[in-house]
Amino acid sequence: MSSHPYESLTPDVVLDALATVGLHGDGRLMALSSYENRVYLAHLEDGSAVVAKFYRPGRWSEAQILEEHAFAAELMAAEVPAVGPLVLQGATLHHHAGFAFSVSPRRGGRAPELDNDEVLEWIGRFLARIHTVGAARPFGHRGVIDLATFAIEPRDWLLAHHKVPLDVQSAWAAACQAAIDVITPHAEALRVEGSSGGLVRLHGDCHPGNILWTPEDQPGGGPHFVDLDDARMGPSVQDVWMLLSGDRAQRQRQLGALVDGYEQFREFDREALVLIEPLRTLRLIHYSAWLARRWDDPAFPAAFPWFGSSDYWQGQVQMLEEQMEAMQEPALVV
């Protein structure tokens, strides 16, 4: 008996799943970088290629997945370069051998050059257009990026399931609580704890790896936004902060370029800039719980062998302490 559902997702199962929606592979499959789901580049008998995504069992409900698909369709209808699933046999979500899956067109590209202000402005323009579509109506099923979901519940789960070694447990729990205490007034002021008022549908995981850049001299050149798997309700700045890196001066310049592009299409919420470091801290806490919850998936111990040791958790304590300092510094301005 398989210890994890993905162990039964063999190449034959992938090819058989594609065949159920009328796509016949030539036998060539390449696993693409994805830990939460299983994603494959599949070459077809007609010479084309598609990307097949098999959703992690038990993570999202069918209604939540279909909301992601509908959001992608809205973005594409608004001529935003998002990569959404194909409609095959009248549907975007399919089932085979106990797995839910979708099929998307293949899109190539490289990572965007985030040291180039023109590139950042271009990305900023499309982020504004994503958020304009996202503000048209709320998600009904996918939830909110908030303090409870991304910090309090993961913290409590990790402690209740004894995932933090005893020699560092007290220090980590204290650092977590101190960080939560710092975040709480920001969360309440900007309504990030769960209310959808003033929030928009977001990409949710808009790091550089989820933006594919194609040469500007090609048709449709520029950024393409992929992987809406983490789309949720949240403040617009969530899709901005993960594109900022380096020292404060570098992040300030990058933010300025992004906002210059953004405000060509939509007003940017400057009050939300105070949330950049709190949102970074939420992601830090949530990430540890995400790794721990996925540890029964054989891909995780192989990819993250450093996770779970006392050294790892001591490093998390240090990072949380650094984040508490960062959260108390003046926010970036534009």
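Overview of values
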quantity	calculated
Segment 159-176: number of residues that are in a helix (DSSP H, G or I) and under 16 Å from G315 (Cα atoms)	11
Subset of segment 212-261 (residues that are of a type in the set (D, E, K, R) and under 17 Å from E118 (Cα atoms))	E216, D217, R251, R253, D260
Residue ID - surrounded by the most Cβ atoms within 10 Å (Cβ to Cβ), chosen from residues in segment 30-48 that are farther than 28 Å from W295 by Cα and of a type outside the set (D, E, K, R)	H43
Tabulated pairs, segment 225-249, first at negative phi, second of a type in the set (S, T, Y), C-beta under 9 angstrom, 6+ apart or interchain	V226/S104; D229/S34; D229/Y55; R232/T149; M233/S196; S236/Y262; V240/Y262
Condition met for G134 (assigned by TED's automatic domain parsing to the domain that holds Q264, modelled with pLDDT under 95, of a type outside the set (D, E, K, R) and within 14 Å of G234 (Cα to Cα))	no
Unique residue being in contact with an Asp or Glu (Cβ under 6 Å, 6 or more places away or on another chain), among the aliphatic types (A, V, I, L, M), buried (at least 16 other Cβ atoms within 10 Å of the Cβ) and not in a loop (DSSP other than H, G, I, E, B) when the list is A257, A231	A257
Check on G47, without any contact (Cβ under 8 Å) to a residue 12 or more places away in the chain and either more than 16 Å from V103 (Cα to Cα) or part of a loop (DSSP other than H, G, I, E, B) (or both)	yes
Some residue of segment 118-134 being assigned to a loop (DSSP other than H, G, I, E, B) and either more than 19 Å from Q264 (Cα to Cα) or not charged (D, E, K, R) (or both)	no
Boolean, E68 is surrounded by 18 or more Cβ atoms within 10 Å (Cβ to Cβ), closer than 28 Å to L244 by Cα and among the charged types (D, E, K, R)	yes
Filter result for the condition that a residue is among the aliphatic types (A, V, I, L, M), surrounded by fewer than 14 Cβ atoms within 10 Å (Cβ to Cβ) and out of contact with any helix residue (DSSP H, G or I) (no Cβ under 7 Å at 6 or more places or on another chain), over A111, A136	A136
Hits in segment 3-29 (condition: outside any helix (DSSP H, G or I) and under 22 Å from R294 (Cβ atoms))	S3, H4, L9, T10
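This table checks each residue for (1) farther than 22 Å from A231 by Cβ; (2) part of a strand (DSSP E or B); (3) out of contact with any helix residue (DSSP H, G or I) (no Cβ under 8 Å at 6 or more places or on another chain); (4) not assigned by TED's automatic domain parsing to the domain that holds D227.
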{"site": "H43", "(1), (2), (3), (4)": "yes, yes, yes, yes"}
{"site": "W60", "(1), (2), (3), (4)": "no, no, no, yes"}
{"site": "H69", "(1), (2), (3), (4)": "no, no, yes, yes"}
{"site": "E74", "(1), (2), (3), (4)": "no, no, no, yes"}
{"site": "P85", "(1), (2), (3), (4)": "no, no, no, yes"}
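Every residue, every condition in (1) within 19 Å of V39 (Cα to Cα); (2) not β-branched (V, I, T), yes or no:
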position	(1), (2)
R56	yes, yes
I65	yes, no
A70	no, yes
L75	no, yes
A78	no, yes
G84	yes, yes
V87	yes, no
L93	yes, yes
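Residue by residue, here is whether (1) in contact with a His (Cβ under 8 Å, 6 or more places away or on another chain); (2) at pLDDT below 95; (3) of a type in the set (D, E); (4) closer than 25 Å to R129 by Cβ holds:
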site: Y35; (1), (2), (3), (4): no, yes, no, no
site: R38; (1), (2), (3), (4): no, no, no, no
site: H43; (1), (2), (3), (4): no, no, no, no
site: A70; (1), (2), (3), (4): no, no, no, yes
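The values are calculated or read from the model by the stated rules, or taken from the named source; none is laboratory data. Please read these numbers as outputs of a predicted model, since none were measured by experiment. Cβ: placed from backbone, ideal geometry, glycine included. Neighbour counts: every protein chain shown.
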